[in-house]
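A short worksheet on the structure shown next.
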Amino acid sequence: MSKILIVAAVENETLVLTRKLRLTKSKNNPLLYHGTYHQHEIDLIEVGIGKVNTALNLSRAITQKNYDYALNLGSAGGTKSFKQGDKIIVSQAKYHDFDLQIFGYKKGQVPGYPEYFMVPHKEINDFKALIPTLKESLLYSGDRFVETSPNIDEEYVVDMEATAFFQVLYLSGIKAYAFKIVSDIINGSNYDTYSSFEEKKIGNYLYDFFLEIIEGIK
């Protein structure tokens, strides 16, 4: 039985998952839920918004149990090559608001870590074979909601948690994947479309996405 930790930021991303997977709240941690799905032992942690909350609450979770897999599920803004509702697997992740270039590091690189946190191509291709509509993308994380492009030329998705998720798990031995639903297109006025999507749709989208993802977990 694989031990899987689902990592999500806020209640509207976790509520449908906890209800439909019949997860029960931990007696020791109000952010943590437990259950099983088929042959897997499932935990879910609601880490909160932003890099610090993610690092703090994820670190606590992985020191209390040895997980085989960690899955970051959530929403992300996307550039113009994406559309609302697209399913994304993150291939590379870095920060858009971390900058030590003056000391010789790449933009977004944290000292002691690689420029990008990367998922092996074979594993990405395995999930893409399983989920034909799945797209892979570079992801940037930072502690602000992005309404205008942060001077990045590539096509990408952006959130506030996933790079911190990868950083915490970098040397853990836990297989880490981030899967995102595109909630809005970055265009300078995307807050309203993001808010509407998050409020009405994101929970069901993530639950359906999880059912597809879990078929690729051994």
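Taking 0.36 nm per residue of separation and subtracting the current Cα-Cα distance, fully stretching the chain between residue 126 and residue 27 would add 32.0 nm.
Within a straight-line Cα-Cα reach of under 18 Å, residue 3 can be paired with the following lysines, leaving aside sequence neighbours fewer than 8 residues apart in one chain: 25, 65, 175, 218. Here segment 121-214 is assigned +1 on the Cβ of each Lys and Arg and -1 on the Cβ of each Asp and Glu. Its dipole about the Cα centre then comes out at about 300 debye.
Look at the alpha carbon pairs under 8 Å that are at least 6 residues apart: their mean separation over the length of the chain gives a relative contact order of 27 percent.
Between residue 36 and residue 218, the modelled labels are 2.2 nm apart [label points 7 Å from Cα along Cα→Cβ].
FYI, it's all coordinate maths here, none of it is from the lab. Everything numeric in this text was worked out from a predicted model, so none of it was measured. Here the Cβ is made from the backbone with ideal geometry for all residues, glycine too, and neighbour counts use every protein chain on show.
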